[in-house]
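First up is the structure itself, then whatever we jot down about it.
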Amino acid sequence: MTETDEFAEALRAGPFCRALSMAAQARGLSLRQLHYRLSARGTSVSTMTLSHWQSGRSVPEREESLRAVEILEEVLAVQAGSLRRLIGSPRPRGRGVRSATSLHRRCRAWGHPAFLPPLLEEFRDSLVDPVRKIELHETFHVRPDRQTGRLVVRELVEARQDRTRTMIFAARSKPGVPPPLVVDGDGCRPGTVLTLDEEGFSLTELLLDKTLRRGERLAIGFVQEYPRPFVAENHHRRIAESVGHYHCEVVFAPGAEPVACRTWRTRTPENRTTGWITVRPDATRTVHVSRRNAAPGVHGLQWSWE
């Protein structure tokens, strides 16, 4: 079968990702060129989203995305409707789908910073069907020089919809300091990473090892390391949606034990800090913070050496 025959077969039988990829290749257009041509016609689709469409990681479903597919048919000089019909019917919308809510929750959890919405838009298709976190366990290590060490995260997640393949993880250090990056994964692996070093912020796309059905659960884990360590005076977790069980351990290296340590919580949207409780490291120089049904907000631990 010639390339022309394969292209024709892809347009006839799909899948959409293959037909779109072959059409772009036939026209010699890169993702960036497709992005520019769509923008010139008044439709904005990020290069990341186009990449997801071509790889099959996601499919266009929203009205504006379907309109973009119609324009792509013109740009790629294929018959009108040939790409659109390969998408099929949209997935059910309603109680199980919380794309807009998910975006709002993430922005609220981080205090609605101006830089966040544009970054989230780059991952919009990965946010259509976010997973729900059933359990979240993390271990933060403080080095002997009192600086930030590795962060080990383990999660039990549950898919909200069929065909769930990705999830998004946000992290922050402090302004001007590169944020921690995922260096190792178990049950998942890092995909696309967007960073804003001036804000010390990053968004990481985690690619799950298996595609989940609605209600299916998966245990995953990953390790983060700081490209440029700094003195660690606190550790906190921003929770956008209630987590069944949140457990945090801060492990201090020998010689780096603090003289004072307190837990706290900031509630959203009230932005009121409560729950100041004095705690002490145990025999293994570890401080534990454990909460059932951890509510949205910031759950933190701070310490001092003086």
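The values are calculated or read from the model by the stated rules, or taken from the named source; none is laboratory data. Note that the coordinates shown come from a computational prediction; the quantities given were computed from them, not determined experimentally. Here the Cβ is made from the backbone with ideal geometry for all residues, glycine too, and neighbour counts use every protein chain on show.
Restricting to the stretch 250-268, and then to whatever is touching a Pro at 6+ places or on another chain (Cβ under 9 Å) and within 22 Å of residue 240 (Cβ to Cβ), can you tell me which residue is surrounded by the fewest Cβ atoms within 10 Å (Cβ to Cβ)? Spell out how you get there, then give the answer.
Restricting attention to the stretch 250-268, the residues satisfying the condition of being touching a Pro at 6+ places or on another chain (Cβ under 9 Å) are 250-258, 261, 267-268.
Add one more test, that the residue is within 22 Å of residue 240 (Cβ to Cβ), and what stays is 250, 267-268.
Working: 250: 24, 267: 14, 268: 19.
Applying the filter and picking the extreme gives 267.
Among the residues of the stretch 10-45, which ones are of a type outside the set (A, V, I, L, M) and within 14 Å of residue 85 (Cα to Cα)?
Here is the first cut: in the stretch 10-45, the ones of a type outside the set (A, V, I, L, M) are 12, 14-18, 21, 25, 27-28, 30, 32-33, 35-37, 39, 41-44.
Those that are of a type outside the set (A, V, I, L, M) and within 14 Å of residue 85 (Cα to Cα): 12, 14, 15, 16, 17, 18.
Can you give me the number of residues within the stretch 1-29 that are surrounded by fewer than 18 Cβ atoms within 10 Å (Cβ to Cβ) and touching a residue at least 60 places away in the same chain (Cβ under 8 Å)?
2
Looking at the structure I just gave you, is residue 138 assigned to a strand (DSSP E or B), surrounded by 18 or more Cβ atoms within 10 Å (Cβ to Cβ) and not hydrophobic (A, V, I, L, M, F, W, C)? Explain how you work it out, then say what you get.
Numbers: assigned to a strand (DSSP E or B): yes; surrounded by 18 or more Cβ atoms within 10 Å (Cβ to Cβ): yes; not hydrophobic (A, V, I, L, M, F, W, C): yes.
It is true that residue 138 is assigned to a strand (DSSP E or B), surrounded by 18 or more Cβ atoms within 10 Å (Cβ to Cβ) and not hydrophobic (A, V, I, L, M, F, W, C).
Looking at this structure, is residue 179 closer than 17 Å to residue 155 by Cβ, assigned by TED's automatic domain parsing to the domain that holds residue 155 and modelled with pLDDT of 90 or more? Walk me through how you get there before you give the answer.
On the way: closer than 17 Å to residue 155 by Cβ: no; assigned by TED's automatic domain parsing to the domain that holds residue 155: yes; modelled with pLDDT of 90 or more: yes.
Against the criterion (closer than 17 Å to residue 155 by Cβ, assigned by TED's automatic domain parsing to the domain that holds residue 155 and modelled with pLDDT of 90 or more), residue 179 does not qualify.
Would you be able to say whether some residue in the stretch 251-258 is closer than 19 Å to residue 139 by Cα, part of a strand (DSSP E or B) and either at pLDDT below 95 or aliphatic (A, V, I, L, M) (or both)? Reasoning before the result, please.
Step one: list which residues in the stretch 251-258 are closer than 19 Å to residue 139 by Cα, which gives 251-258.
Now restrict to residues that are part of a strand (DSSP E or B): 251-252.
Still in the list and also either at pLDDT below 95 or aliphatic (A, V, I, L, M) (or both): 251.
Checked against the condition, which is being closer than 19 Å to residue 139 by Cα, part of a strand (DSSP E or B) and either at pLDDT below 95 or aliphatic (A, V, I, L, M) (or both), the stretch 251-258 yields at least one hit.
Looking at the stretch 151-199, which of the residues that are under 16 Å from the mean Cα position of the chain (by Cα) and small (Gly, Ala, Ser) is farthest from residue 225 (Cα to Cα)?
Of everything passing the filter in the stretch 151-199, 159 is farthest from residue 225 (Cα to Cα).
Give me the pairs, please: first residue somewhere in the stretch 30-48 and over 21 Å from residue 192 (Cα atoms), second residue anywhere and in a loop (DSSP other than H, G, I, E, B), beta-carbon distance under 8 Å, and either six or more positions apart or on two chains.
37/29; 38/44; 38/45
Quick check, is residue 238 charged (D, E, K, R), crowded, with 16+ Cβ neighbours inside 10 Å and modelled with pLDDT of 90 or more? Don't jump to the end; show me each part of the working.
Working: charged (D, E, K, R): yes; crowded, with 16+ Cβ neighbours inside 10 Å: yes; modelled with pLDDT of 90 or more: yes.
Yes: the conditions hold for residue 238.
Conditions first: (1) within 16 Å of the chain's Cα centre (by Cα); (2) surrounded by fewer than 17 Cβ atoms within 10 Å (Cβ to Cβ). Residue 210 passes all but one, so which condition is the exception?
(1)
Quick check: anything in the stretch 181-193 in contact (Cβ under 8 Å) with a residue 24 or more places away in the chain, surrounded by fewer than 19 Cβ atoms within 10 Å (Cβ to Cβ) and outside any strand (DSSP E or B)?
So far as the stretch 181-193 goes, yes, one or more of its residues are in contact (Cβ under 8 Å) with a residue 24 or more places away in the chain, surrounded by fewer than 19 Cβ atoms within 10 Å (Cβ to Cβ) and outside any strand (DSSP E or B).
For the stretch 20-35, which positions are out of contact with any Phe, Trp or Tyr (no Cβ under 8 Å at 6 or more places or on another chain) and within 18 Å of residue 52 (Cβ to Cβ)? So that I can check it myself, show each step before the final result.
Going through the stretch 20-35, the residues out of contact with any Phe, Trp or Tyr (no Cβ under 8 Å at 6 or more places or on another chain) turn out to be 21, 24-25, 27-35.
Passing the criteria: 21, 24, 25, 29, 30, 31, 32, 33, 34, 35.
Taking residue 228 and the conditions (1) of a type in the set (Lys, Arg); (2) within 23 Å of residue 116 (Cβ to Cβ); (3) touching a His at 6+ places or on another chain (Cβ under 9 Å), which numbered condition does it fall short on, given that it satisfies the others?
Of everything listed in (1) of a type in the set (Lys, Arg); (2) within 23 Å of residue 116 (Cβ to Cβ); (3) touching a His at 6+ places or on another chain (Cβ under 9 Å), residue 228 misses just condition (3).
Would you be able to say whether some residue in the stretch 279-298 is of a type in the set (Gly, Ala, Ser), part of a strand (DSSP E or B) and crowded, with 16+ Cβ neighbours inside 10 Å?
The first filter runs over the stretch 279-298 and keeps only residues of a type in the set (Gly, Ala, Ser), leaving 283, 290, 294-295, 297.
Narrowing further to those that are part of a strand (DSSP E or B): 290, 294, 297.
Checking which are crowded, with 16+ Cβ neighbours inside 10 Å leaves us with 294, 297.
Yes, some residue in the stretch 279-298 is of a type in the set (Gly, Ala, Ser), part of a strand (DSSP E or B) and crowded, with 16+ Cβ neighbours inside 10 Å.
Could you pull out the residue among 74, 64, 70 that is assigned by TED's automatic domain parsing to the domain that holds residue 18, surrounded by fewer than 17 Cβ atoms within 10 Å (Cβ to Cβ) and under 19 Å from residue 122 (Cβ atoms)? I'd like the intermediate steps shown before the answer.
Details: 74 fails: under 19 Å from residue 122 (Cβ atoms); 70 fails: under 19 Å from residue 122 (Cβ atoms).
After applying the criteria, what remains is 64.
From the list 159, 170, which residue is in the same structural domain as residue 249 (by TED's automatic domain parsing), within 28 Å of residue 216 (Cβ to Cβ), at pLDDT 85 or above and touching a helix residue (DSSP H, G or I) at 6+ places or on another chain (Cβ under 8 Å)? Spell out the reasoning first.
Details: 159 fails: touching a helix residue (DSSP H, G or I) at 6+ places or on another chain (Cβ under 8 Å).
Only one candidate qualifies: 170.
Taking the stretch 208-247 as the search range and keeping residues that are part of a strand (DSSP E or B) and of a type in the set (Gly, Ala, Ser), which one is nearest to residue 168 (Cα to Cα)? Full working, then the answer.
Let us first name the residues in the stretch 208-247 that are part of a strand (DSSP E or B), namely 208-212, 217-225, 231, 234-239, 243-247.
Then keep just the ones that are of a type in the set (Gly, Ala, Ser); that gives 219, 221, 244.
Values: 219: 15, 221: 13, 244: 19 Å.
So the residue we want is 221.
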